[in-house]
Amino acid sequence: MYEDPDLVRLFTTYTSDPEGIGRHLTRSYAERTRHLPMLVATGHDFAFYPGDGQPPVVEGFRLSTRGFKELTGVSHLGPAVASLVHLRTRLGDGGWRADAERLLAEVKNSRAANSTALWRDQIQVEAYRGREHEIAAMVDYACAATARYLTKALADEDYLNAETLREDYLSGGPVPVNHMMVATFFLAGMDIQKRATFSRLPLRSRCPHFTAGFRIPGKSSVYRVAPESSDRQSACRRNPSEGQRPCIRWNQ
């Protein structure tokens, strides 16, 4: 592929070059704001950097947190069984049986390991305190419903189809498995909300300004919280602890 060097230099003058204007802007901004606190959100953690080179305070909210994988495994039961249906009915893949047998074995194993004591004494999620019995009962129900459906499907493969998936499993029964999936989302969100809140991060006591960066695949957005100004496009909210109205301004 031919690239004209003169026109490409115009491209690299701004971007894709260590000495490009964009890189200069980034370095200059970083140097002038290095003393300010910054909140960064990745796909797995929140990290609060106090500024001036101090180490961050990190709070996980997905794979690195207690109970997340255990609940997500239950949440994935519906999609896993639906995938087996798709393998058999749409793709004609005979490998669905081995996958179904493996899933059934793990469902039975998980059901045997699940208990109130497990959630209360070992997984020990603070947000779930006092709810461990109900969580264990939910996991037991979801595993039992899945085991029943898979056992029938393995005995009669014609049973494994989209209609029975909806009527007997995802949307049927005393409590539909769809409801179990929603419940796991709610529990994970409740835990994240309890731990990863601004009250756990020393923002208010440190300073009235902070920068926050959110790491999104392919994109990056940064906002700064500052005292109220005449900028009517700012989104403001009250900070009771400091008696002022900090504003969120988006800087792309």
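The values are calculated or read from the model by the stated rules, or taken from the named source; none is laboratory data. Worth saying up front: this structure is predicted, and the values here are computed from it rather than measured. As a convention, Cβ positions derive from the backbone with ideal geometry for all residues, glycine included, and neighbour counts pool all protein chains shown.
Observations
- Checking the stretch 37-45 against the condition returns no match, with no residue being among the hydroxyl-bearing types (Ser, Thr, Tyr), touching a strand residue (DSSP E or B) at 6+ places or on another chain (Cβ under 9 Å), assigned to a helix (DSSP H, G or I) and surrounded by 13 or more Cβ atoms within 10 Å (Cβ to Cβ).
- For LEU87, the requirement of being of a type in the set (A, V, I, L, M), surrounded by fewer than 12 Cβ atoms within 10 Å (Cβ to Cβ) and either touching a Phe, Trp or Tyr at 6+ places or on another chain (Cβ under 7 Å) or outside any helix (DSSP H, G or I) (or both) is not met.
- When the stretch 156-178 is filtered for residues that are within 13 Å of TRP96 (Cα to Cα) and either crowded, with 17+ Cβ neighbours inside 10 Å or among the β-branched types (Val, Ile, Thr) (or both), only LEU160 remains.
- Candidates THR72, THR33, THR65 - the one that is among the hydroxyl-bearing types (Ser, Thr, Tyr), in contact with a strand residue (DSSP E or B) (Cβ under 7 Å, 6 or more places away or on another chain), at negative phi and touching a residue at least 24 places away in the same chain (Cβ under 8 Å): THR33
- Some residue of the stretch 87-101 being modelled with pLDDT of 95 or more, among the aromatic types (Phe, Trp, Tyr) and under 29 Å from ALA113 (Cα atoms): yes
- All told, VAL57 falls short of being β-branched (Val, Ile, Thr), surrounded by 14 or more Cβ atoms within 10 Å (Cβ to Cβ), at negative phi and modelled with pLDDT of 85 or more.
- Taken over the stretch 112-169, the residue count meeting the criterion of being touching a Lys or Arg at 6+ places or on another chain (Cβ under 9 Å), of a type in the set (D, E, K, R) and without any contact (Cβ under 8 Å) to a residue 60 or more places away in the chain is 5.
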